[in-house]
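Presented below is the structure to which this report refers.
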Amino acid sequence: MIFWFVLYQDKMNRNKIMKEQTNKNKIPASAGNIAVQVDDLTVAYNYKPVLWDIDLEIPEGVLMAIVGPNGAGKSTLIKSILGILKPIAGSVSIYGKSYKKQRSLVAYVPQKGSVDWDFPTTALDVVMMGTYGSLGWIKRPRQKEKKAALEALEKVGMLPFKNRQISQLSGGQQQRIFLARALVQNASIYFMDEPFQGVDATTEIAIINILKELRKARKTVIVVHHDLQTVPEYFDWVTFLNVKKIATGPVKDIFNDDNLTKTYGINYKVSIQE
């Protein structure tokens, strides 16, 4: 299902990109910009709230972790911002406008387990899907787009596998392919749903280094994350979530035992290496 959403997102980008590219280029690089704003967001499944009255402001240029226990609504928050799930109340804005108007600014790396990896396509084909937004409705990818896709594959260390069917790749390799697809979009905001899930240590280090490079380039990166021990090392911003927002802010200010205990419901201690 998510794979088809990715295809749909790319297709919708085609007939919007010409108008939206102008707006994209006008985004100032001020540190005070709010990249993503969520107001009074409530989402329910079968009348049971999974997110309740969420207010959230995510500054431009942060590398932010969303943390919380299983069932806290972390993935639901991302999917609601992206319009995959429809909230029963509340609103979302990307640089002050609706996601529908700003979709060309956003790239999305879904959970690996939600993608149909048996879909008959190569690694290069998947990455080139990320270039569709820069084309018109009728145009097909050209040499320029192929070059960008190959460069993205090289950046994530997957160039030797460009012609490999995605079903033949390991879990870590598949994750790198979808990261390359996001990179080639040259977005302003990146949403990543558990990008470190099921990957080896080498792949995790490679991914976090790329995310830090995006932050240096003033991109905003929002990551659903589970490993609390690595939050201080990997991220500079964090949101604690458990159906409700518990806290959000700089890691150095709010990543503490008190917020961990409020979020996870037990006395929590995390050792933070300076």
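The values are calculated or read from the model by the stated rules, or taken from the named source; none is laboratory data. Everything numeric here is computed off the predicted structure, so don't read it as measured data. Backbone-built Cβ (ideal geometry, glycine too); neighbour counts: all protein chains shown. The protein model used for the area step is the full one, side chains on, heavy atoms only, and it has no ligands, DNA or RNA in it. Shrake-Rupley method; radii C 1.70, N 1.55, O 1.52, S 1.80 Å.
The H on the amide N of residue 85, modeled in the peptide plane, is under 5 Å from the matching H of 80, each at least 5 residues off or on a different chain. Note on residue 236: accessible area approximately 50 square angstrom, rounded to 10, probe 1.4 Å, nucleic acids and ligands left out. The trypsin sites (Lys or Arg not before Pro) found in the stretch 183-274 that occupy coil by DSSP, while having at most 12 further C-beta atoms within 10 Å, are 269.
Close amide H partners of residue 244, meaning residues 5 or more places away or on another chain with modelled amide H under 5 Å apart, are 52.
Each peptide among 39-46, 81-88, 123-130 gets the average number of other Cβ atoms lying within 10 Å of its residues, and from highest to lowest they stand as 123-130, 81-88, 39-46. When only alpha carbons are used to place a centre, the stretch 207-251 and the stretch 162-185 end up 22 Å from one another. The orientation-averaged projection of the convex hull spanning the C-alpha atoms of the stretch 69-125 amounts to 5.8 square nanometres.
Pairs exceeding 28 Å between alpha-carbon atoms, taken from 86/155; 219/252; 147/216; 112/252: 86/155; 112/252. Please state the shape class of the stretch 32-264: rounded when a/c is under 1.5, otherwise prolate if a/b exceeds b/c and oblate if not, all from the C-alpha gyration tensor. Because a/c hits 1.5 or more and a/b exceeds b/c, the stretch 32-264 counts as prolate. Here r is the Cβ-Cβ distance between residue 227 and residue 147 and R0 is 25 Å; the resulting FRET efficiency, rounded to 0.05, is 0.10.
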